[in-house]
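The values are calculated or read from the model by the stated rules, or taken from the named source; none is laboratory data. Everything numeric in this text was worked out from a predicted model, so none of it was measured. With ideal geometry, Cβ positions are generated from the backbone for all residues, glycine too; neighbour counts draw on all protein chains shown. With ligands, DNA and RNA removed, areas are computed over all heavy atoms of the protein, side chains included. Shrake-Rupley method; radii C 1.70, N 1.55, O 1.52, S 1.80 Å.
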Amino acid sequence: MKTGWEIKRLGDIVVRLTNGYVGPTRDIYLESGVPYLLARHVKNNQLTFDGKTFISDEFNHKNKKSMLKAGDVLLVQSGHIGHSAVVTDEHEGHNCHAMIVITPIKDMVSGHFLSLFFNSPEMQSGFENIRSGSTVPHLTCKEVKEIAVPLPPLPEQQRIVGILDEAFEGIATAKANAEKNLLNARALFDSHLQSVFTQRGEGWVDQQLSSLCHEITVGHVGSMASKYKESGVPFLRSQNIRPFAVSLDNVVFIDEEFHISLKKSRLRPGDLAIVRTGYPGTAAVIPPDLPDSNCSDLVIVRPSKEVNPHFLAAFFNSAFGKQLVLGKIVGAAQKHFNVTAAKEVMLHVPPMPEQLDIINRIDLFREETQHLESIYQQKLAALDALKKSLLDQAFTGAL
């Protein structure tokens, strides 16, 4: 440890360490009044009140123990455990729920330093080790008081906070730019896809999907939990169908006997699988390397020779196709896209040579978009790693 630093028990460097209000909240909220801070307002060293939760002045003063002071640190007890932020001047005298309120001894520890420490990688891992409760994991004041805090002199704390604030501001700007570029790349691809299906080329004809297919049916509908096996025949669900691709992440399996009994919902390469519920219309072609699979709650489309399944996948994944599907969604309790609606979908279909040309162009455009997305995702990951590295250095005396 760096010269001049000490290890202090958290309970010994604070004036107050107490729970926010922990009683029932159903009847305390008002449309206006005293702002009431919740765990969702605290994340990644930021306090952002959404202007939606208020309490009466009477209720606020009844709970003086947890009334906030500027410079206090709020520590989230459950949910995203361990996230923290410093109370700003605008929330002086307000109150909070389901968070630990910490008032530092001013001439010993800076609230900003303490909050940054809580957000450090080592302390985030530490919170996992000290949390209590199996049903709803949470932090308790007793456990939090015993946290060992690496504590430099106050001027050194202020220097570290200044360095981190400046660095994090730059990282936040760089992340915002990378996220914007990521969205732009996706928007550019979506725009290209949209343009394909809003044009009216020579030789294109309007046809219902039912007239272009040998069969349109639906995957198995019914309880499945008791049928899943550790291995066997892949059983695809909505989450396994991504735009243009089948994902086997978190795939479940059924045995061969049950697979044979579900003849109607068997999938084969070249079939188009369309999501019915959740993100209806999302579509992917079953690939050759998945010769034997089954499914639930998917619309299964088996195209004739008049239309290429990859052309249909592009249509359903386009903004034009999604808008059309949304107009065909049925069901009041849970929105879903059914077989009848699928059969009635009207497409503007070009001759097969043009379909193949469109597919090739979309594949090239999609490949380039995915390359750009990969670059921006790597930048975002690198920025997150840099932030964690700076926090790690800050609390080991290396900054």
Span from the the range 267-317 Cα centroid across to the the range 57-84 one, whole angstrom: 51
DSSP beta bridges in the chain [antiparallel fraction, %, rounded to 5]: 90
Debye log10 I(q)/I(0) for the range 92-207, one point scatterer per Cα, at q = 0.16, 0.20 Å⁻¹: -0.97, -1.18
Amide proton proximity set for VAL246, modelled H, under 5 Å, gap of 5+: none
Value of relative contact order over the chain, rounded to a whole percent, pairs C-alpha under 8 Å and six or more apart: 16
222 nm mean residue ellipticity, helices alone, for the chain (DSSP H n ≥ 4; -39,500 (n - 2.57); rounded to 500): -12000 deg cm²/dmol
Once exposed loop GluC sites (Glu not before Pro) are cut out (DSSP; at most 11 other Cβ, 10 Å), longest piece of the chain: 231-399
With at most 12 neighbouring Cβ atoms within 10 Å, loop trypsin sites (Lys or Arg not before Pro) (DSSP) excluded, longest segment of the chain: 201-304
Accessible area in square angstrom per residue, the chain, 1.4 angstrom probe: 51
Carbon and sulfur %, accessible surface of the range 86-182 computed with the full protein complex present, 1.4 Å: 53
Cα centroid separation, the range 118-174 to the range 1-38 (Å): 14
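At 1.4 Å probe size, with the rest of the protein present, what percent of the exposed accessible area of the range 232-274 is carbon and sulfur atoms?
Details: 1080 of 2100 Å².
About 51 percent, which is the carbon plus sulfur part of the accessible surface.
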Residues GLN158 and HIS61, FRET efficiency given R0 of 41 Å [Cβ-Cβ distance, rounded to 0.05]: 0.75
With every protein chain in place, the range 21-79: carbon and sulfur % of accessible area (1.4 Å): 48
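How high is the FRET efficiency from ASN44 to THR3, r the C-beta distance, R0 30 Å, rounded to 0.05?
0.45
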